[in-house]
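These notes are about the structure you will find just below.
Taken together, the values in this text are just the output of simple stated rules run on the coordinates, not laboratory data. For clarity, every value in this text was computed on a predicted model and none was experimentally measured. As a convention, Cβ positions derive from the backbone with ideal geometry for all residues, glycine included, and neighbour counts pool all protein chains shown.
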Amino acid sequence: MQEFQLTIFRQSRVLVILFSIPIISLSLLLLGVEIKSFLIPLLLFIAYLALARYYAIGHLNITLSSDGQLSFDWKKKLVFNYKPIPSIKIKDVKTIVLEQGNLLKKIKTSNTTVSINTSRIGLDNSIQFLNVFLKEAEKHDIKIINSWKELTEKGVLGIIYKINSIIVTLAILIVVIVMILKGFKPKLLFVMLLFIPQMILYGLQMKNEIKNNKTKNDKH
């Protein structure tokens with residue numbers, strides 16, 4: 001029996017945070033313009049990030065038994081606890097969602113999806129588990145894909161890409177309008193750079209996945 005302790009971020013909670021950051025940032029930006037000070041909005045944004053991190057982060061203990069069964073046990077928190085995860089057999093795993101070769105997102109069987117979502121925090125522990133897990137997985141016919149491919153298979157990547165594009169466009173327009181009406185201020189640019197580049201990067205990644213999938217479909 002082998003045991004591993006992983007630090008994870010639940011994907012659904014991360015998505016909530018990612019899509020709320022532009023709204024929170026723009027609201028605080030407008031607040032700063034209104035009160036003519038960005039100190040309070042900045043402090044509120046830092047407090048939001050701290051709460052968001054506590055909301056998203058979790059510590060998961062995984063036990064791999066000698067018969068190939070994975071058991072999961074969450075470390076309890078004061079609030080924002082995760083739901084219990086049922087044990088699964090490695091032989092029942094159909095798909096592994098993996099990012100950048102060492103970030104495990106999901107383990108999927110025919111009727112169960114286990115969201116892991118390891119991060120670069122405590123990466124050594126997650127890599128140790130992943131090495132053992134993938135070695136066991138080699139004995140079975142398990143498909144390995146990334147998150148964008150998973151969204152493509154669900155048929156929702158195009159919708160998310162459009163929403164992301166709309167949010168980025170509106171964010172840039174609002175910042176430009178505020179700058180025109182109130183004048184350019186370095187602090188406005190700083191707030192904008194907090195999230196817009198990341199949203200643009202996600203958009204490029206999604207666009208590339210959509211393009212690659214279309215190319216594959218055209219060949220068939």
Check your understanding: What lysines could a cross-link reach from LYS36, if we take a straight Cα to Cα line under 30 Å and drop same-chain neighbours fewer than 8 places away?
Key -> LYS182, LYS185, LYS187
Check your understanding: For the chain, with the dipole built from +1 on Lys and Arg beta-carbon atoms and -1 on Asp and Glu ones, taken about the Cα centre, which of ILE163, ILE62, THR152 lies farthest toward the positive end?
Key -> ILE163
Study note, to complete from the structure: With the charge dipole of the chain built from beta-carbon charges (+1 for Lys and Arg, -1 for Asp and Glu) about the Cα centre, the Cα from GLN2, ALA50, SER119 projecting farthest to the positive end belongs to ALA50
Practice item. Quick one: order MET206, MET1, MET179 by neighbouring beta-carbon count within 10 Å, fewest to most. Key: MET1, MET179, MET206
Point to revise | In degrees, nearest ten, helix 11-35 long axis to first principal axis of the chain (Cα) | key: 10 degrees
Exercise for review: Could you state the angle between the C-alpha long axis of helix 157-182 and the longest principal axis of the C-alpha atoms of the chain, as a value from 0 to 90 degrees rounded to the nearest 10?
Suggested key: 20 degrees
Review point. Most exposed first by the Cβ proxy, i.e. fewest other Cβ within 10 Å, how do ARG53, ARG10 rank?
Key: ARG53, ARG10
Exercise for review: Only Lys, Arg, Asp and Glu count, each charged at its Cβ (+1, +1, -1, -1), so figure out the dipole size of the chain about its Cα centre, rounded to 20 debye.
Suggested key: 440 debye
Review point. So if R0 is 30 Å, what FRET efficiency would ASN61 and LYS94 give, r being the distance between their Cβ atoms, rounded to the nearest 0.05?
Key: 0.80
Exercise for review: For region 1-121, would you read off the P(r) tail past 25 Å as a percentage of all alpha carbon pairs?
Suggested key: 38 percent
Revision key, fill the gap. For Cα Rg over 2.2 N^0.38 Å, with candidates (1) 1.36; (2) 1.21; (3) 0.99, the value calculated from the shown model is option (2)
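Compute the FRET efficiency between LEU30 and ARG53 as 1/(1 + (r/R0)^6), taking r as their Cβ-Cβ distance and R0 = 30 Å, and round to the nearest 0.05.
0.80
By how many nm would the segment from VAL16 to ILE174 lengthen if fully extended, with 0.36 nm per residue of separation less the alpha-carbon distance? Before the final figure, lay out the partial values.
Working: separation 158, 0.36 × 158 = 56.88 nm, distance 2.16 nm.
The span from VAL16 to ILE174 would gain 54.7 nm if fully extended.
Work out, step by step, the length gained on full extension between LYS182 and ILE159: first 0.36 nm times the residue separation, then minus their alpha carbon distance; give nm to one decimal. Could the numbers behind the result be given before it?
Details: separation 23, 0.36 × 23 = 8.28 nm, distance 3.43 nm.
Extending this stretch completely gives an extra 4.8 nm.
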Revision key, fill the gap. With label points set 7 Å from each Cα along the Cα-to-Cβ direction at ASP73 and ILE46, the distance between them in nm comes to 3.8 nm
Exercise for review: Please give the calculated 222 nm ellipticity per residue for the chain, where each DSSP H segment of at least 4 residues contributes -39500 (n - 2.57) and the sum is spread over every residue; nearest 500 deg cm²/dmol?
Suggested key: -19000 deg cm²/dmol
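For the pairs LYS105/LYS143; LYS162/LYS214; LYS139/LYS214, note any where the Cα-Cα span goes beyond 22 Å. Walk me through the numbers before you get to the answer.
Working: LYS105/LYS143 13 Å; LYS162/LYS214 16 Å; LYS139/LYS214 32 Å.
Exceeds cut-off: LYS139/LYS214.
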Check your understanding: Hey, in the GNM for the chain with a 10 angstrom Cα cutoff, which one of ILE107, ILE23, ILE35 fluctuates hardest?
Key -> ILE35
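If each residue's Cβ is checked for other Cβ atoms within 10 Å, how do LYS154, LYS94 rank with the fewest at the top?
Working: LYS154 10, LYS94 14.
Lowest to highest Cβ neighbour count: LYS154, LYS94.
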Review point. Residue by residue through region 99-109, which ³J(HN,Hα) values in whole Hz follow from phi under the Karplus form 6.51 cos²θ - 1.76 cosθ + 1.60 (θ = phi - 60°), with glycine and proline marked x?
Key: 10, 6, x, 9, 10, 7, 9, 9, 10, 10, 9
